[in-house]
Number of protein chains: 4
Amino acid sequence: MPRSFASDNNAGVHPDIFAALQNVNIGHAIGYCDDVYTKRAEAKFQEHFGENIDVFFVFGGTAANVLGLKAVTHSYHAVLCAETAHINVDECGAPEHITGCKLLAIPTPDGKITVAQIQGFMHGVGDQHHVQPKVISITQPTELGTLYSPQEIRDLADYAHQHDLVLHMDGARIANAAATLGVTLADITRHAGVDILSFGGTKNGMMYGEAVILFDRRYAANFRFIRKQGMQLASKMRFIAAQFEALLANDLWLRNAIHANTMAQQLATSAAVIPGVNITQNVQSNAVFAVIPHDCIARLQEYYFFYVWNEPRGEVRWMTSFDTTEEDVRNFVRCMREVVKTS
Amino acid sequence: MPRSFASDNNAGVHPDIFAALQNVNIGHAIGYCDDVYTKRAEAKFQEHFGENIDVFFVFGGTAANVLGLKAVTHSYHAVLCAETAHINVDECGAPEHITGCKLLAIPTPDGKITVAQIQGFMHGVGDQHHVQPKVISITQPTELGTLYSPQEIRDLADYAHQHDLVLHMDGARIANAAATLGVTLADITRHAGVDILSFGGTKNGMMYGEAVILFDRRYAANFRFIRKQGMQLASKMRFIAAQFEALLANDLWLRNAIHANTMAQQLATSAAVIPGVNITQNVQSNAVFAVIPHDCIARLQEYYFFYVWNEPRGEVRWMTSFDTTEEDVRNFVRCMREVVKTS
Amino acid sequence: MPRSFASDNNAGVHPDIFAALQNVNIGHAIGYCDDVYTKRAEAKFQEHFGENIDVFFVFGGTAANVLGLKAVTHSYHAVLCAETAHINVDECGAPEHITGCKLLAIPTPDGKITVAQIQGFMHGVGDQHHVQPKVISITQPTELGTLYSPQEIRDLADYAHQHDLVLHMDGARIANAAATLGVTLADITRHAGVDILSFGGTKNGMMYGEAVILFDRRYAANFRFIRKQGMQLASKMRFIAAQFEALLANDLWLRNAIHANTMAQQLATSAAVIPGVNITQNVQSNAVFAVIPHDCIARLQEYYFFYVWNEPRGEVRWMTSFDTTEEDVRNFVRCMREVVKTS
Amino acid sequence: MPRSFASDNNAGVHPDIFAALQNVNIGHAIGYCDDVYTKRAEAKFQEHFGENIDVFFVFGGTAANVLGLKAVTHSYHAVLCAETAHINVDECGAPEHITGCKLLAIPTPDGKITVAQIQGFMHGVGDQHHVQPKVISITQPTELGTLYSPQEIRDLADYAHQHDLVLHMDGARIANAAATLGVTLADITRHAGVDILSFGGTKNGMMYGEAVILFDRRYAANFRFIRKQGMQLASKMRFIAAQFEALLANDLWLRNAIHANTMAQQLATSAAVIPGVNITQNVQSNAVFAVIPHDCIARLQEYYFFYVWNEPRGEVRWMTSFDTTEEDVRNFVRCMREVVKTS
C-alpha cells in the first residue's frame, strides 16, 4: 500500500526504534516491569520531565487515557472535555465503562475548551443529584490539529486546582505540539500545571506502547493495580521500554514530529491554492482539515486512503507521519489537483 | 541476566517471529485490523481450527480471558473456574471489574475441575438471589502444568451445553498441551466442544499479542465493540498479525512447545533424584512444581530467578521456555544439587 | 411546612393509598414478590396495559429508569435522550455507572427529541470506535412539563424498530400525560410502540415504589436478576404492590393527575398576568416554568419553597401535586404579586 | 397466610412503626433528606451510637451492604468475608457489580471468620497481580444465627486497622445480637472498632428502610453521591426516617429483638426433643438451624413455609420474628412432631 494520508498510525516503525527492539531481544528479563530496560526508559522520561514523576507503560492510547482518568476518579465524578475529544467519540465508551464516570462534552469550533466554558458546568457541585466534576481533560494537539498555548494550559490548570479538579492531557501527539511551539515537553505539561499525561508513542514511530505520566505522586500509589486490572500490564515489558528509550534519545521524538508537521504544512500550503479546496483549521501539527468538492472525495480516495471528517460539510482530514516524504505530498497534491479539475 | 526458570514470559522473541515483524515493517497499512496482514493471520488460524470461526487479536493474556468471558456474560452471571485459575488469582480482579460477574472458585488438587464439582454450583439456577452460572472456564494446561485429556474436556463441554453454559478455555500455553498430547490444536479445543479460546502467543515466543477465538459465531457479532471498549484494539495491528502468522507457520508453535516441554521433563527428571527435592505435580507441559528444603529456596534464587508457589509448603515453580537450553537445565540442576547438599 | 410548589414528591401519601398499606399489614406474606398482593397488583397493570406484559416493582424512579435501560443494553451501547432528561442530569451518573453505556444527549428547546435529531447520531453504527446506539429514551411528560403526542411517540417507535433500537419511556409522571391528552395509559405507551416503561407511583401519591413494565417479553427473562443485583428487590414487597393496586383502582391515578394538572393550569393562568412574569413552556402537565424578575426569586422563596431552573435566565419551576388546593394556588399567586410589585 | 417460620421479613410492620408513618403523613416535606424528620431520626441514632457519626438511609439491605463497601473501596480491592455471608451468596453479585471488587470467601463452620483465617489472604498485598484486601466484612448475628462476642469483633478490628483494612458489619439483625449479648448497640459496633455498619430496620418490624452508619467521617464526605448513584436516595425520605425514629424510641428495637430471640429459643428447645430433629447451630438470635428427617421436609412445608438450607444434609432454617407468638411456636412444634412421628 502506498503511504496514505489517513492517519499517522498507518505508518510502520521507525528504524531506530526497530533497532532498539532488536537490541533488547537477548536473554531473559523479568516480566511485568521489574527489568533494567524499564528502569532505563523511566530515567529517560525523567530527563525530559524532571524527577518525582511516575511513569507507567501501557499497550495503547485508549488505555492511557482511560486509566489515567481512573486514577483520580470515583464513579460519581464527571470528566469535562471537548465534544471532539478522543475519549468522547473514539473510544467506544471505554471511559464510561471503565471509570463509571459521565463525560460532560463541550462544543468547540476548534477542539479547544476554555475556563469560561467549564464554569458553566460547575453549578451542580455538591448537589447529590448531579455527577461531580473532577477532571478537565484536554488534547494537545487537539483532534482538530490545533494547539493550546502554554498560557492557555496554565489557565485551565489554575482553574482546575482552585476548584479541586485535576488537569488531564491526552498527549497522543504531544511531540507534534512541542515541535510546533518550540518548547520542551515539560513546558506544555508539567510546567503548565498538567497533572496527568497520556504520552503517545505509537503515532510517532513506535510499534505499540504509550505512557501514563503522573506528575502528582499521590495518584501513583495504586496505579499499578489499576493498570493490571485494566488489562494493560505487558509481560514482556522490556519491548515497550526499549522503544520509549529510543524515542526519547537523540531527539528522535522531536525530529519525527518536526518532519511530520513540516509535511502537513507543505500539504496545506499546496492544497490551499487548488480552487475548491479550503483549509478549515489552523495547521499547527500534523493534521490538515479541508473542505473539498463533494464529488471529489471518493475519487481522490481511489488513489489515497484518508478519512471523511464531516460528511455533510464535505470536510476531510489528512494526516502526515514521520515517514511521509516531500514526494508523497507532491504526488498527493498533484492527484488532488487533477481530481478537482475534472469535478 | 542469565536465562531464568521463573516464567516463559521472561524469554525474548523467537528469531523467526522477530523476522516477521521486520518483514511487515514496510510502507503503510490501514490501522485497527482492516489490513492484509491481519487477513493472512486469520487465514492461518483457519488452517488449524477450520472455517467459520472468528479470531480477534488483543494485546495481552488477561484481556484475552476477560473479554472472551465478557462476550457471553451479563453482570448477573457467574463464571466457574478452578481456585488456582489465572482469572481467579492473577488478574487483579479484572474479570469481576470488567464483566461485573462473580467468579465461583473450585478447590482442586491439580488445577483441574470436574463435572461433579460443577454440579454442586447449579442449585441456585433460576433463583433471583443468586448469581447465575453461565461459563465454565478451564485452563489448558492448568496453572499447575497438568493437562485435561480431550475426553475430559468433552465431558465438561457436554455438561455445559446441556445446561446452557459456555465452555471457555484459557489457552495461554495451549501449544504446550497439544505438544504433549500429540494432538492438533483443534482436537483439544473446537473438536472437544470448547466455545471460546484464549490462544496464547507471548509465552510461546511472541513479543506481545494473544488471540480470542470464538467457535460459536453468535458471540462474534459484537466482539469488536467489546475489544475496543476493552482497550485492546491495536492501531498498528499488522505487527500482532505478523507474529501470529509466523508462529502458526512451519510448525513453529509446535517446535517451540515441544522444546520447552522437553526441557521441563529433563529438569524434573534430574531434580527428582536430588535428595530433599520432590516433584509435586505431573510434569505435562513446561512447568515443574517441586518441594525443596525451605532454607534452599532463597539460596538457589541467588543464582536463578524463580517463584515460590506455596511458601508454607516450601513449594516452588520452575518454568522452561522455547529458548531454554539443555545446558541451562544441567547448570541449574547442578547448582540445585550444591545448594541442597549444603543445606 | 406549608405545601410547597417545589416538587410533587414533597407531598405525602394519598389517604386511599395509605389505607391500602394498612389493609395488607396483616399476618405474614412471602417476601420478594411471590405473594398474592403482588399478583393482584400485576393483574391491575394488565387491566390497563393488556396481557403479555411483565411488571417489576422497584423502590425508586432512578432505579426504574436505569434497570429498564440495563435490561436491553451492553456496555458498548449508547442511549439517546434529551439533554434535559432526568437520566442525563438528575441521576448522578447512575445510568453510566450501572449500565456502562454512554448517554448521547440531544439539545432541545422543550425537552422533546425528534427522529430527525436521532438520525444525526446514527452514522457511527457498526464502527468499532464508536458506542452503538441502542435505546431512544424519552420522558412523558418531559422534564419541562411538555407532552409528546401519541403520533410523535409512534414516529420515534417506528424509527427505533426499523433501526434495531429500543424505545424507552421515563414515565415518572405518565399519569399526568394521559390525563391531559385524554387517552388511556396504554395509548401513549404500549399502543404507541414503547418497549420499556418506567411507571411512576411516588410522584402521584404513593409513599415509595415505581414499576418497570416490559412490553417485549424477551427482555423480561432475566430482569429479576437485574433487579436483585440492582439492589431493588424489596423483601416486604406486598407494601409496594398494595400501593399500586390502590393507585390503579377506581381511577385514583387519573383523579390525582387531573387535579394536579388543573392546579398547574390555574397557577400558570394567574401568574401569567402578573407584570414581569412570563410562562416559558407549554403547561401540559403539573409543571409551570416561568421567568420572574431576578430579585424576586429569593424573596418569593422565603414564603414558598421551589427550585430555580436556570439561574442566568431567572427561570424557575413550580410544580403542583395531588394535594395542592385552589387556595394554595391563590395564596401563592397573591404572594407572588406582592413580591413582584415591590421589586 | 399463617405466620411462617421462613424469614423475619415475612412479617408485616409493627403497629408503633405504622403509627409513625401515619403521623408524618401531613403536609409537605422537602424531598431527599433535607427534612426535619430525617434530622430527628439521625439524632435518635446519635443517642445510641454517640456523636460524630454519619447516618444515611437507603431502601434495602443489599444496598446498605454494597454501598457501605463502595464507600471505602476501589475496584482493585478485595472484600474478605465468610463463605456464607449474605454479600457472598444472596445478593446476586451486587457487591462485585457495583464496587468492581472481588470477594474472597472464607469457609467457616458457624459463619464466623477469625483473624487467623484472614492472615492467609494477606500474602498478595502490594503485588500488582492480585486484588488488594481492603475490607473485612462480618455479619452480626451471622447468617447461621451465631454471634461474635465484643472481644472477637475487637480482635478483627484491631487486625484490620493495623493492616490498613476497614471493618464492615452487616447488621441486618444487629438488634437481635445486642439483645442476646445484653449490650448496647454501640458496644458491638462502634466501641468494638467497627468502621461501617449496615443497620437493619426491615427485619425488625419496619416496612422498608435500612441505614448505613459511618463511624469514620472521612468515608462520609462523598457518600451522598454514592447513595444517589446507587439508586437508593428516597424522594419521600421522611417515611424511612419516621420508621427509624419509632424503632429506636422506647426500646422498640430491643423489645422486638428480645421477643423474636425468645421465640427462637422456645422453638429450638421444643424441637430438639423430637426424635430425629437435631439443632445444628447455637441458637443465639432468632434463627434455628436443624437437621430433620429428609422425608419430613416437604410434608412439614405443606403446613408451614420455611427454607431448606442444605438439601444434601437435610438441614433447614426456621426464623422467628417480632410477631411470632408462643402459640405459633407450640403449633409448629406440634405439627412437626406429628410429621416426624409418621415418617
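The values are calculated or read from the model by the stated rules, or taken from the named source; none is laboratory data. Predicted, not measured: the structure shown is a model, and the values here were computed from it. Methodologically, a virtual Cβ is constructed for each residue, glycine included, from the backbone with ideal geometry; neighbour enumeration extends over all protein chains shown. Only protein heavy atoms, including side chains, enter the accessible area calculation; ligands, DNA and RNA are left aside. Shrake-Rupley method; radii C 1.70, N 1.55, O 1.52, S 1.80 Å.
Remarks
- For the range A:79-127, the set of residues classified as among the polar types (S, T, N, Q) and not in a loop (DSSP other than H, G, I, E, B) consists of A:88, A:99, A:117, A:119, listed by residue number.
- Test: residue in the range A:65-84 that is more than 14 Å from chain D (Cβ to nearest Cβ) and at positive phi: no
- Residues of the range A:1-25 satisfying the condition of being part of a loop (DSSP other than H, G, I, E, B), hydrophobic (A, V, I, L, M, F, W, C) and either in contact with a helix residue (DSSP H, G or I) (Cβ under 9 Å, 6 or more places away or on another chain) or at pLDDT 95 or above (or both): A:1, A:5, A:11, A:13, A:24
- Here is the figure for the range B:101-112: residues that are touching a helix residue (DSSP H, G or I) at 6+ places or on another chain (Cβ under 6 Å) and either farther than 27 Å from residue A:230 by Cα or surrounded by fewer than 24 Cβ atoms within 10 Å (Cβ to Cβ) (or both) total 2.
- Annotation note: of C:193, C:93, the sole residue that is crowded, with 22+ Cβ neighbours inside 10 Å, modelled with pLDDT of 95 or more and not charged (D, E, K, R) is C:93.
- So residue B:49, is it assigned by TED's automatic domain parsing to the domain that holds residue B:201 and closer than 24 Å to residue B:183 by Cα: yes
Let's see how each residue does on (1) at pLDDT 95 or above; (2) within 13 Å of residue C:89 (Cα to Cα):
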| residue | (1), (2) |
| --- | --- |
| A:98 | yes, no |
| A:102 | yes, yes |
| A:108 | yes, no |
| A:116 | yes, no |
| A:120 | no, no |
| A:123 | no, yes |
| A:133 | yes, yes |
| A:144 | yes, no |
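- Condition check for residue C:272 on (1) in contact with a helix residue (DSSP H, G or I) (Cβ under 9 Å, 6 or more places away or on another chain); (2) over 28 Å from residue C:206 (Cβ atoms); (3) open to solvent by 40 Å² or more (accessible area, probe 1.4 Å): one failure, at (1).
- Odd one out for residue A:298, checked against (1) under 24 Å from the mean Cα position of the chain (by Cα); (2) of a type in the set (Gly, Ala, Ser); (3) farther than 21 Å from residue A:145 by Cα: (1)
- Any hit, the range D:222-245, residues being open to solvent by less than 20 Å² (accessible area, probe 1.4 Å), under 29 Å from residue D:283 (Cα atoms), away from chain A (no Cβ under 14 Å) and not polar (S, T, N, Q): yes
- Among the residues of the range D:146-176, the ones that are assigned to a helix (DSSP H, G or I), crowded, with 17+ Cβ neighbours inside 10 Å and out of contact with any helix residue (DSSP H, G or I) (no Cβ under 8 Å at 6 or more places or on another chain) come to 3 in all.
- Filtered residue count, the range C:257-281, keeping only those that are out of contact with any Asp or Glu (no Cβ under 8 Å at 6 or more places or on another chain) and either free of Cβ contacts under 8 Å to residues at least 12 places away in the same chain or assigned to a helix (DSSP H, G or I) (or both): 15
- A single member of A:268, A:249, A:272, A:287 is modelled with pLDDT of 95 or more, away from chain D (no Cβ under 14 Å) and within 21 Å of residue A:62 (Cβ to Cβ), and it is A:287.
- A residue that is surrounded by fewer than 24 Cβ atoms within 10 Å (Cβ to Cβ) and without any contact (Cβ under 8 Å) to a residue 40 or more places away in the chain can be found somewhere in the range A:51-64.
- Test: residue in the range B:200-208 that is under 22 Å from residue B:50 (Cα atoms) and within 14 Å of chain C (Cβ to nearest Cβ): no
- Matching residues in the range C:113-126 - criterion: being open to solvent by 40 Å² or more (accessible area, probe 1.4 Å) and in contact with a helix residue (DSSP H, G or I) (Cβ under 9 Å, 6 or more places away or on another chain): C:114, C:119
- Of all the listed residues (C:73, C:142), the sole one being in a loop (DSSP other than H, G, I, E, B), open to solvent by less than 30 Å² (accessible area, probe 1.4 Å), assigned by TED's automatic domain parsing to the domain that holds residue C:178 and in contact with a Gly (Cβ under 6 Å, 6 or more places away or on another chain) is C:142.
- Inspection of the range C:34-50 finds a residue satisfying the criterion of being modelled with pLDDT of 95 or more, open to solvent by 20 Å² or more (accessible area, probe 1.4 Å), more than 12 Å from chain D (Cβ to nearest Cβ) and assigned to a loop (DSSP other than H, G, I, E, B).
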